[in-house]
Amino acid sequence: MAIRILIFLVINFAALGLGGLFTGKGVPSDWYQELNKAPWTPPGWAFGAAWTLIMILFSFYMAYLWKAVDNQNLLIGIFIIQWLLNVGWNPTFFYFHNAILGLVIIISLTLVITYFLINYWSTIELKSLLILPYFIWLLIATSLNAYVVLNN
């Protein structure tokens with residue numbers, strides 16, 4: 001179990017690292033600072049703290065799920081889609097300044113995480129709560145992205 005957790009930690013934090021690497025100047029950039037942002041936008045430090053906690057919990061979730069599912073090929077396929085969407089949002093939004101495509105990506109990511117939450121609940125039951133912070137954060141992030149699209 002510890003090896004699976006470690007593997008998923010490495011893979012998940014690699015996604016955050018790659019996404020961050022291709023973000024450009026990100027939050028402190030002039031482009032982002034000049035956007036009309038949602039009044040409920042959290043402070044900058046909250047994003048790093050949230051994603052750190054989310055990736056730790058998601059790694060545990062995936063380690064439990066990996067052992068419990070019958071169709072690991074389907075699981076890994078869905079995980080890869082999640083990973084690519086997660087990595088792709090930062091550069092799409094912050095580097096390419098494409099808030100509309102960013103919204104499409106984050107909605108897609110939210111749907112994938114919703115699939116994980118609903119589809120695998122019966123497989124690992126209460127351990128599925130480990131993915132709940134990811135789901136909730138994506139709902140918030142989607143609303144922030146949508147606000148930028150609608151108000152800029």
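So the values come out like this:
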quantity: Inter-centroid distance (Cα atoms) of region 74-117 relative to region 130-152, Å; calculated: 12 Å
quantity: Stokes-Einstein D (µm²/s) once Rh is taken as the Kirkwood radius of the chain over alpha-carbon pairs, at 25 °C in 0.890 mPa s; calculated: 154 µm²/s
quantity: Test item: Cα-centred dipole of region 2-151, Lys/Arg +1 and Asp/Glu -1 on Cβ, debye; calculated: 180 debye
quantity: Exposed-loop-free span, longest in the chain, where trypsin sites (Lys or Arg not before Pro) count as exposed if DSSP calls them loop and at most 15 other C-beta atoms lie within 10 Å; calculated: 38-152
quantity: The chain: most fluctuating residue of Val104, Val27, Val87 per GNM, C-alpha cutoff 10 Å; calculated: Val27
quantity: Among Leu101, Pro28, Met1 - extreme Cα towards positive end, dipole of the chain, charges at beta-carbon; calculated: Met1
quantity: Lys/Arg +1, Asp/Glu -1 at C-beta; the chain dipole; positive extreme among Ile56, Val87, Gly77; calculated: Ile56
quantity: The chain: calculated mean residue ellipticity at 222 nm from DSSP helix runs of at least 4, using -39500 (n - 2.57); calculated: -24500 deg cm²/dmol
quantity: Exposed-loop-free span, longest in the chain, where chymotrypsin sites (Phe, Trp or Tyr not before Pro) count as exposed if DSSP calls them loop and at most 16 other C-beta atoms lie within 10 Å; calculated: 97-152
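No lab work stands behind these numbers, since they all come straight from the coordinates. The shown structure was predicted, so the numbers you read here are calculated from the model rather than taken from an experiment. Cβ sites come from the backbone with ideal geometry, for glycine too, and all protein chains shown count toward neighbours.
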